[in-house]
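The values are calculated or read from the model by the stated rules, or taken from the named source; none is laboratory data. Source: prediction; values computed, not measured. Cβ placement follows ideal geometry from the backbone for every residue including glycine, while neighbour counts extend to all protein chains displayed.
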Amino acid sequence: MKIDLLQMVEYGGCSAKIPPKQLEEILKYLPVPIDPDILVGIDTHDDAGVYRVNNELALVFTTDFFPPVCSDPYEFGQIAAANSISDIYAMGGDPVIALNILMFPASKLPITAFAEILRGGFDKASEAGVRIIGGHTIDDSPPKYGLAVLGYVHPEKIITNAAAKPGDNLILTKRIGTGIILAGQRLGMADESDIAEVKRLMKQLNNAGAAIMKKNNVKGATDITGFGLGGHALKMATASKVSIGINMKSVPLIGKTYSLIDEGCIPGASFTNLEYAGRDIDFSDGLDYNLKMIAFDAQTSGGLLMCASPDKTDKMLEELKAAGLPDAAVIGEVRKSGEKHLYLYS
């Protein structure tokens, strides 16, 4: 029996997340614990929480799950696991153990699909050196999968989205366009080569980029997922109390991302992400509409956006490319806090 998970979903991957504006409203009702050992909590909307155990060890804890972004259950498991583990890398941590989170419609899919999702997650976690030691499953449709991941970090070596400094260059490690290409796939508009490349990038761990961040003492970073490049850059700017400028002509794109947008293939998540950022963003007069929408394309298992000091930028780019990240590029800069937190230009 051929299984096609995409037949069961309307929105998959990180595009299925609650819109950022709505999420902020929800978080207002979440009680904030007071504990001096909570080193990173919910106040900066960072990638993961960090809790100090002692002066030498802190725990980095995160969870993520979503509906399928591809037809094949094994590949879905791989992508969801890579996405979940990414938050640990973005915080400068070493992922160690994880729990499965799986919602599976037992009456609609064969048990072999269940097994293949878990096998994909296990294999990707093993590639990252993560041991999956249990989890929880409920009967639900459409299927959803992800991990709760625990990692280690030294309390003085945490990387956060609140540590961007004016003068830093912004380096992006993966190309943008997963949401647009996947939308194009559903509409029959995307090339097979672009779809294959999107799946390859979504399955690619961010471990190489994280290692280079730590080697070069990077303090500020985030990973690019459901809120898009613009949304996550805005969260970094507000958390760091700075402004960020992004040159959209410098942002590397996957395949025919631009032409798909030009043909009207714009995922709904792009509009909700843009709406969230609209009150605190400046678009240059020369920025065309297509690039504006690409900036807010929801990414699934996207790359790292890291703050590099000017004296280390060229060296870090060389190291990233040598480590298997050939598309790594400087796409903008951190500025002193201005009238707006985010400036997009071309």
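Close Cβ contacts (under 6 Å, 6 or more residues apart or on different chains) running from residues in the range 24-52 that are on the phi > 0 side of the Ramachandran plot to residues that are not aromatic (Phe, Trp, Tyr) comprise 45/235. Please find, within the range 224-262, the residue that is farthest from the chain's Cα centre (by Cα) out of those that are among the hydroxyl-bearing types (Ser, Thr, Tyr) and assigned to a helix (DSSP H, G or I). Within the range 224-262, the match that is farthest from the chain's Cα centre (by Cα) is 259.
Selection of first residues in the range 241-260 that are closer than 13 Å to residue 305 by Cβ and without any contact (Cβ under 8 Å) to a residue 60 or more places away in the chain and of second residues that are β-branched (Val, Ile, Thr) and surrounded by fewer than 20 Cβ atoms within 10 Å (Cβ to Cβ), restricted to Cβ pairs under 7 Å at least 6 apart or on distinct chains, gives an empty result. Here 295, 277 are screened, and the one residue that is in the same structural domain as residue 178 (by TED's automatic domain parsing), at pLDDT below 90 and among the aliphatic types (A, V, I, L, M) is 277.
Residues that are in contact (Cβ under 8 Å) with a residue 24 or more places away in the chain, of a type in the set (Gly, Ala, Ser) and more than 14 Å from residue 3 (Cβ to Cβ) were ranked within the range 108-134; the one that is surrounded by the most Cβ atoms within 10 Å (Cβ to Cβ) is 121.
One line per residue, one yes/no per condition, for (1) crowded, with 24+ Cβ neighbours inside 10 Å; (2) assigned by TED's automatic domain parsing to the domain that holds residue 220; (3) closer than 13 Å to residue 159 by Cα; (4) touching a Leu at 6+ places or on another chain (Cβ under 9 Å):
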{"site": "45", "(1), (2), (3), (4)": "no, no, no, yes"}
{"site": "49", "(1), (2), (3), (4)": "no, no, yes, yes"}
{"site": "55", "(1), (2), (3), (4)": "no, no, no, no"}
{"site": "65", "(1), (2), (3), (4)": "no, no, no, yes"}
{"site": "72", "(1), (2), (3), (4)": "no, no, no, yes"}
{"site": "80", "(1), (2), (3), (4)": "yes, no, no, yes"}
{"site": "97", "(1), (2), (3), (4)": "no, no, no, yes"}
{"site": "102", "(1), (2), (3), (4)": "no, no, no, yes"}
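Taken over the range 73-130, residues that are under 23 Å from residue 52 (Cβ atoms) and part of a strand (DSSP E or B) amount to 6. Residues in the range 120-135: is at least one within 30 Å of residue 334 (Cβ to Cβ) and under 20 Å from the mean Cα position of the chain (by Cα)? Within the range 120-135, one or more residues are within 30 Å of residue 334 (Cβ to Cβ) and under 20 Å from the mean Cα position of the chain (by Cα).
Of all residues in the range 177-225, those satisfying the criterion of being free of Cβ contacts under 8 Å to residues at least 40 places away in the same chain and charged (D, E, K, R) are 192, 200. Residue count for the range 176-198 under the criterion of being farther than 14 Å from residue 261 by Cβ and surrounded by fewer than 24 Cβ atoms within 10 Å (Cβ to Cβ): the result is 9. The set of residues in the range 15-35 being acidic (Asp, Glu) and within 20 Å of residue 225 (Cα to Cα) consists of 24, 25.
Quick grid of which residues meet (1) among the basic types (Lys, Arg); (2) assigned by TED's automatic domain parsing to the domain that holds residue 70:
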| site | (1), (2) |
| --- | --- |
| 131 | yes, yes |
| 135 | no, yes |
| 140 | no, yes |
| 143 | no, yes |
| 148 | no, yes |
| 158 | no, no |
| 163 | no, no |
| 177 | no, no |
| 181 | no, no |
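Answer yes if at least one residue in the range 206-216 is under 14 Å from the mean Cα position of the chain (by Cα) and in a loop (DSSP other than H, G, I, E, B), and no otherwise. Yes, the range 206-216 contains a residue that is under 14 Å from the mean Cα position of the chain (by Cα) and in a loop (DSSP other than H, G, I, E, B). Evaluate the range 299-312: report whether one residue or more is farther than 16 Å from residue 223 by Cβ, touching a helix residue (DSSP H, G or I) at 6+ places or on another chain (Cβ under 8 Å) and buried (at least 20 other Cβ atoms within 10 Å of the Cβ). Among the residues of the range 299-312, not one is farther than 16 Å from residue 223 by Cβ, touching a helix residue (DSSP H, G or I) at 6+ places or on another chain (Cβ under 8 Å) and buried (at least 20 other Cβ atoms within 10 Å of the Cβ), which makes the answer no. Among the candidates 17, 28, 2, the residue that is under 25 Å from residue 278 (Cα atoms), of a type in the set (Lys, Arg) and modelled with pLDDT of 75 or more is uniquely 28.
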